[in-house]
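Enquirer: Please find one structure pasted underneath; my questions will follow.
The values are calculated or read from the model by the stated rules, or taken from the named source; none is laboratory data. Computed from a predicted structure; not experimentally measured. Note that we place each Cβ from the backbone using ideal geometry, even for glycine, and neighbour counts take in every protein chain shown. Remember, those area values only see protein heavy atoms, side chains included, never the ligands or the DNA or RNA. Shrake-Rupley method; radii C 1.70, N 1.55, O 1.52, S 1.80 Å.
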Amino acid sequence: MQTTTQLLIIVFLIYWAIIYILKKKGILAKYNISTFGPILMIETDRGLHLLDKIAKPKRFWRLFANIGIILMFAGMIFMFMLVVVSDISLLQSALDGTVMEPNEYTEIQNIFLIPGVNQFIPLVWGFIALIVAVFIHEMMHSVLARAEDVKVHSVGLIVALFPIGGFAKIDDKQLYGDELDALDEPDVENQSESDENGYNDLTASIEEIREHERLKKEQAEAETVAAQAAAVQEVAASESGLNEENRFSEKKTESEKKTENEPKAATKTQRSRILAAGVMANFVVALIAAMLFFGPVIGVMEPIGNFQITDLDNSAVSSGLTKEMVLIDINGQKVSNTDEINQALANVTPGDPVTVRASYDRVAENYTIITNASADNVNYAGILIATVVSGSPAEEAGLLPNSVIFKIDGEYIVDADHFSELMAERNPGDVAVFTVEEYDENGVETGIKDITITLGANPNDESRAYIGITYSGGPIHIGLLGISVGYFNAEGYLEILETLPSMLYSFDFSEPKESIMTIISAWLLVMMMPFLSILGEGFGGFTGVMMQFFEPVGWAEPLGIGIFWIANMLYWIAWLNFYVGLFNCLPAIPLDGGHLFRTYFVKIAEKLKMDPKRAVRLSFRASTYLTAFIFMSFLLMFIWPYISSFVLGIFGG
């Protein structure tokens, strides 16, 4: 892996050096290629005729963009509320004196949705999805611009060794009209009432007032003389005949022609459609890809089993079993949970042969194991210690993270629920013996020991026993077979993936509050699927170990592993398009949502009879404040875990 990374870095540096040399020699400029560091922007006007053809059904594209405006404002409200709720949560944790610890979600490389850099987004599938999202976003801006008769100067590709997106240069002057010019003009309402000579009637002295009145009188007399002269010229012009009239007409015609040649500025409605087109396109692509993923693709996948072999002894190894195989059945009986394993081995005598059916890379075979004659016919999972609370009875007794507790006072712990039941039977102050398997940092078992612990009182309920650990279910030890297996609910995973789409819109009018919360939770789940997903860890698609648990059936069976490639491509295209579209809804400049917010701010202000130029200035001011607020909120969201202990320490938190 390290060699591959080094090779990619070397290739990229060579590419960058070539770009630098070509730029210095002027070769790139000759072909309308501009650079920004190692990024190439290849610009051309050859595809403009294609845009015109695509934009021909103008009524369709305008309806398309009108729907996009509505969805953008819905997304704007949703995303802005998330930012506000996040800020409130951080503030509340600070007031409570809670120190937030840094984690993988706040690491710098995971802030940006860059495939291969962000540890949750795979390089290949994420790269393909990002190209699709950026290209379709920019292309639809251009299509709507042409549908609204706004000039597109050029289109092009953005390349960084590989194509990473597209762009279109839309005529800003035509798109925004004279609104940008309004920023360069003074805000009259915010200035003091001074004339061009600096006179202010609120602060002027008596001499200045008299001088000002004299100047006004002279100005009035000059204006009267000018008006009289203009009247004389008008009479003379009317008597000069057709020649003068024709010359005036010719000049007027030339002026009109010049005005007609200037592109007509887009209206605010047209501009809003153009701005909303990119987001709408992302949402539509996300919807199509999601319907294919959650529908026909997920529908042709079936779970192979729920248990994967994580460890085995020599007898199991000699049978041909290996790690990462998925356990399907024991002695012909399908095993999908711990009870079924117990039932399959209930009548087996230690030393008897057992036939185990297991699968690797979707190829299932039978393996014969001679059971361990000295093993107990007891299957247990125990609990895997995740963390040990500082100062707790567990820490004082020497319990370590990544250890597995599989007995309490000699009784096997079947699973995490069983551990909770055993702890509930004990009281604070009781002494219990915990039998523990310890592992090193590489996951290799280093020994088994008994640790005696005097139970403490639970901080939240002093009547309950407490040792001070966080834990999850450990691997299931099947002593007779000499293997350990990890449990993954493949059937439940598929079931949730199949039902998730209906949760996004299902509404029960008899329970409106519950329905609203379910819908909101479902949308948040979709947003966070790669990070915090349906069964614990994030869902990154069908890759690696995940593929071992499923197989294609029906029409997808001939495709083999190809169905997983299709699933991954559709999943990441759906998720990244949805996220890119939603992120662009934020009312922050330079995002589309920021420009749309500003456009409608002006539109509403003008309806309230505000001066148009002043409305433009206020819209820029409001969008600037919102942008700063959102930027600082995101910044705080990611840096707070790293500075919270320091800040709270200063203020005595």
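Enquirer: Spot the failing condition for residue 567; the list is (1) at pLDDT 90 or above; (2) open to solvent by less than 50 Å² (accessible area, probe 1.4 Å); (3) closer than 28 Å to residue 69 by Cβ, and only one is missed.
Expert: (3)
Enquirer: Out of region 316-329, which residues are open to solvent by 40 Å² or more (accessible area, probe 1.4 Å) and either farther than 18 Å from residue 476 by Cα or of a type outside the set (Val, Ile, Thr) (or both)? So that I can check it myself, show each step before the final result.
Expert: Of all residues in region 316-329, those open to solvent by 40 Å² or more (accessible area, probe 1.4 Å) come to 317-318, 322-324.
Those that are open to solvent by 40 Å² or more (accessible area, probe 1.4 Å) and either farther than 18 Å from residue 476 by Cα or of a type outside the set (Val, Ile, Thr) (or both): 318, 323, 324.
Enquirer: May I pose another question? When you go through (1) in a strand (DSSP E or B); (2) of a type outside the set (Gly, Ala, Ser); (3) crowded, with 21+ Cβ neighbours inside 10 Å one by one for residue 481, which number turns out not to apply?
Expert: (1)
Enquirer: Is it true that residue 448 is buried (at least 20 other Cβ atoms within 10 Å of the Cβ), assigned to a strand (DSSP E or B) and modelled with pLDDT of 85 or more? Walk me through how you get there before you give the answer.
Expert: Working: buried (at least 20 other Cβ atoms within 10 Å of the Cβ): no; assigned to a strand (DSSP E or B): yes; modelled with pLDDT of 85 or more: yes.
No, not satisfied.
Enquirer: While we're looking at this one, here's another question. Return yes when residue 345 is in contact with a Gly (Cβ under 6 Å, 6 or more places away or on another chain) and aliphatic (A, V, I, L, M) and no when it is not.
Expert: Working: in contact with a Gly (Cβ under 6 Å, 6 or more places away or on another chain): no; aliphatic (A, V, I, L, M): yes.
No: the conditions fail for residue 345.
Enquirer: Could you name every one of the helices (runs of 4 or more DSSP H) located completely within region 498-609 that has at least 1 residues being out of contact with any Gly (no Cβ under 8 Å at 6 or more places or on another chain), more than 30 Å from residue 266 (Cβ to Cβ) and free of Cβ contacts under 8 Å to residues at least 60 places away in the same chain? Walk me through how you get there before you give the answer.
Expert: Working: elements: 512-527, 562-583, 592-607.
Fully inside region 498-609 and qualifying: 512-527, 562-583.
Enquirer: In addition: What is the number of the single condition among (1) touching a residue at least 12 places away in the same chain (Cβ under 8 Å); (2) surrounded by fewer than 23 Cβ atoms within 10 Å (Cβ to Cβ) that residue 280 does not meet?
Expert: (2)
Enquirer: Mind checking which residues of region 106-129 are surrounded by fewer than 16 Cβ atoms within 10 Å (Cβ to Cβ) and in a helix (DSSP H, G or I)?
Expert: 108, 109, 123, 124
Enquirer: For residue 631, indicate whether it is modelled with pLDDT of 80 or more, under 30 Å from residue 90 (Cα atoms), assigned to a helix (DSSP H, G or I) and out of contact with any Phe, Trp or Tyr (no Cβ under 7 Å at 6 or more places or on another chain). Don't jump to the end; show me each part of the working.
Expert: On the way: modelled with pLDDT of 80 or more: yes; under 30 Å from residue 90 (Cα atoms): yes; assigned to a helix (DSSP H, G or I): yes; out of contact with any Phe, Trp or Tyr (no Cβ under 7 Å at 6 or more places or on another chain): yes.
When the stated conditions are applied, residue 631 passes them.
Enquirer: Looking for something out of contact with any strand residue (DSSP E or B) (no Cβ under 8 Å at 6 or more places or on another chain), surrounded by 15 or more Cβ atoms within 10 Å (Cβ to Cβ) and of a type outside the set (Gly, Ala, Ser) - is there at least one such residue anywhere in region 492-499?
Expert: Of the residues in region 492-499, the ones out of contact with any strand residue (DSSP E or B) (no Cβ under 8 Å at 6 or more places or on another chain) are 495, 497-499.
Still in the list and also surrounded by 15 or more Cβ atoms within 10 Å (Cβ to Cβ): 497.
Next, only the ones that are of a type outside the set (Gly, Ala, Ser) stay: 497.
Yes, the conditions are met somewhere in region 492-499.
Enquirer: A further question on this structure: Could you please find all residues in region 412-445 being among the charged types (D, E, K, R) and either at pLDDT 90 or above or not in a strand (DSSP E or B) (or both)?
Expert: Of everything in region 412-445, those that are among the charged types (D, E, K, R) and either at pLDDT 90 or above or not in a strand (DSSP E or B) (or both) turn out to be 415, 417, 421, 425, 426, 430, 440, 441.
Enquirer: Right, here's the next one. When residue 489 is evaluated against the numbered criteria (1) of a type outside the set (Val, Ile, Thr); (2) open to solvent by 50 Å² or more (accessible area, probe 1.4 Å); (3) touching a strand residue (DSSP E or B) at 6+ places or on another chain (Cβ under 8 Å); (4) free of Cβ contacts under 8 Å to residues at least 60 places away in the same chain, which criterion, by number, is the only one it fails?
Expert: Unmet condition: (4).
Enquirer: State all residues of region 376-419 that are surrounded by fewer than 14 Cβ atoms within 10 Å (Cβ to Cβ), of a type in the set (Gly, Ala, Ser) and in contact with a Pro (Cβ under 7 Å, 6 or more places away or on another chain); if no residue qualifies, say none.
Expert: Scanning region 376-419 gives a single hit, 386.
Enquirer: Exactly one of (1) among the β-branched types (Val, Ile, Thr); (2) within 21 Å of the chain's Cα centre (by Cα); (3) open to solvent by 50 Å² or more (accessible area, probe 1.4 Å); (4) over 26 Å from residue 563 (Cα atoms) is unmet by residue 519. Its number?
Expert: (3)
Enquirer: Now for a different question. Filter region 345-363 down to the residues that are surrounded by fewer than 16 Cβ atoms within 10 Å (Cβ to Cβ) and among the hydrophobic types (A, V, I, L, M, F, W, C), then identify the one that is modelled with the lowest pLDDT.
Expert: Per the stated criteria, the residue is 346.
Enquirer: Here is a check on your reading of the model: is residue 474 more than 26 Å from residue 324 (Cβ to Cβ), open to solvent by less than 30 Å² (accessible area, probe 1.4 Å), in contact with a Gly (Cβ under 8 Å, 6 or more places away or on another chain) and touching a residue at least 60 places away in the same chain (Cβ under 8 Å)?
Expert: Values: more than 26 Å from residue 324 (Cβ to Cβ): no; open to solvent by less than 30 Å² (accessible area, probe 1.4 Å): yes; in contact with a Gly (Cβ under 8 Å, 6 or more places away or on another chain): yes; touching a residue at least 60 places away in the same chain (Cβ under 8 Å): yes.
No; evaluated as a whole, the condition is false for this residue.
Enquirer: For region 306-350, which residues satisfy the criterion of being under 15 Å from residue 483 (Cα atoms), over 40 Å from the mean Cα position of the chain (by Cα) and part of a loop (DSSP other than H, G, I, E, B)?
Expert: Result: 313, 319, 320, 321, 350.
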